[in-house]
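Data block below; observations after.
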Amino acid sequence: MLKKQIALIAAGFALFGIALAKPAAADRTDAEEIVTEAIFTIKKIWNQPQYKEYVQRYAKDAKAVMLFPNVVKGGLFVGAEGGTGILLARAPNGEWSYPAFFSMGSASLGFQVGGQISEVMLLIMTGNGLKAILDDQIKIGGELSGAAGPNGAGLDASTTTNLDVDVLSYAVGEGVYIGVNIEGTLIWPREGLNRDYYEVNTTPEGIVLEGQAGNRHADDLRTTLRDTLP
């Protein structure tokens, strides 16, 4: 039984890999498109009235933010979910770094049919969480603790002021809040995209913490973050 479950999970990740493979994020044009789409993701999530105040509350303490403009979920019996996005860290002076590229993915078992495309924002709430993401591939629910971000539906301040997690997640699909279960999600760096976008060999840490690379194409994104997230 265990072998069968492992095989099904592997199949789920295979489906996810196929989804990522579409003439995929392997050149500068694809990287630029992800950065541009991330601007709309910020605005779309920020403008969701049912949890705007909660995003605002936690964003002011976030060490970093991850934006995934197109997270694809689908499958039959075995589900796969994933997409490529970016990580930006906030400096002590409040300025946002240039983006480093990452992918996320997960697989699930159980009856499921159809697909969904959503936009996801992860707020990295702790320094340890940011360090773990920059170090290598990590798993939320394993190396990192994570939770769906609180929203205004029946929650008051007393339930949301003391969340002890590394990552909070918010997601929208077709313009509405859909929630997102990030337990079991893997996050890993995309070295090729970082290289293509900046035309230098560097690490995600070198980009977001050490300022080793920059691309003026991302300045609009950084301005949007500065003006939108407190």
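The values are calculated or read from the model by the stated rules, or taken from the named source; none is laboratory data. Computed from a predicted structure; not experimentally measured. Positions of Cβ are backbone-derived with ideal geometry, glycine not excepted, and every protein chain shown enters the neighbour counts.
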* Residue that is farthest from N128 (Cα to Cα) [pool: residues in the stretch 215-230 that are out of contact with any strand residue (DSSP E or B) (no Cβ under 6 Å at 6 or more places or on another chain) and either among the β-branched types (V, I, T) or surrounded by 14 or more Cβ atoms within 10 Å (Cβ to Cβ) (or both)] -> H217
* Any chance A38 is within 26 Å of T126 (Cα to Cα), at pLDDT 85 or above and part of a loop (DSSP other than H, G, I, E, B) -> no
* Asked: With (1) at pLDDT below 85; (2) surrounded by 16 or more Cβ atoms within 10 Å (Cβ to Cβ); (3) not in a loop (DSSP other than H, G, I, E, B) as the list, and S158 as the residue in question, which single condition is left unmet?
  -> (2)
* Across the stretch 93-138, what is the number of residues that are on the phi < 0 side of the Ramachandran plot, among the small types (G, A, S), modelled with pLDDT of 85 or more and surrounded by fewer than 24 Cβ atoms within 10 Å (Cβ to Cβ)? -> 4
* Structure fact -> Checked the stretch 200-230 for anything in a loop (DSSP other than H, G, I, E, B), in contact with a helix residue (DSSP H, G or I) (Cβ under 8 Å, 6 or more places away or on another chain) and not hydroxyl-bearing (S, T, Y); matches are N201, L209, Q212, A213, G214, N215, L229, P230
* To do: Go through A80, A21 for me and flag whichever is of a type in the set (G, A, S), exposed (fewer than 14 other Cβ atoms within 10 Å of the Cβ) and at pLDDT below 85.
  => A21
* Failed condition for G85, given (1) within 23 Å of Y197 (Cβ to Cβ); (2) small (G, A, S); (3) crowded, with 16+ Cβ neighbours inside 10 Å; (4) at pLDDT below 75 -> (4)
* Could you tell me whether any residue of the stretch 184-193 is crowded, with 16+ Cβ neighbours inside 10 Å, at pLDDT 80 or above and assigned to a helix (DSSP H, G or I)? => yes
* To do: For the stretch 44-77, enumerate the residues that are modelled with pLDDT of 80 or more and of a type in the set (D, E).
  => D61
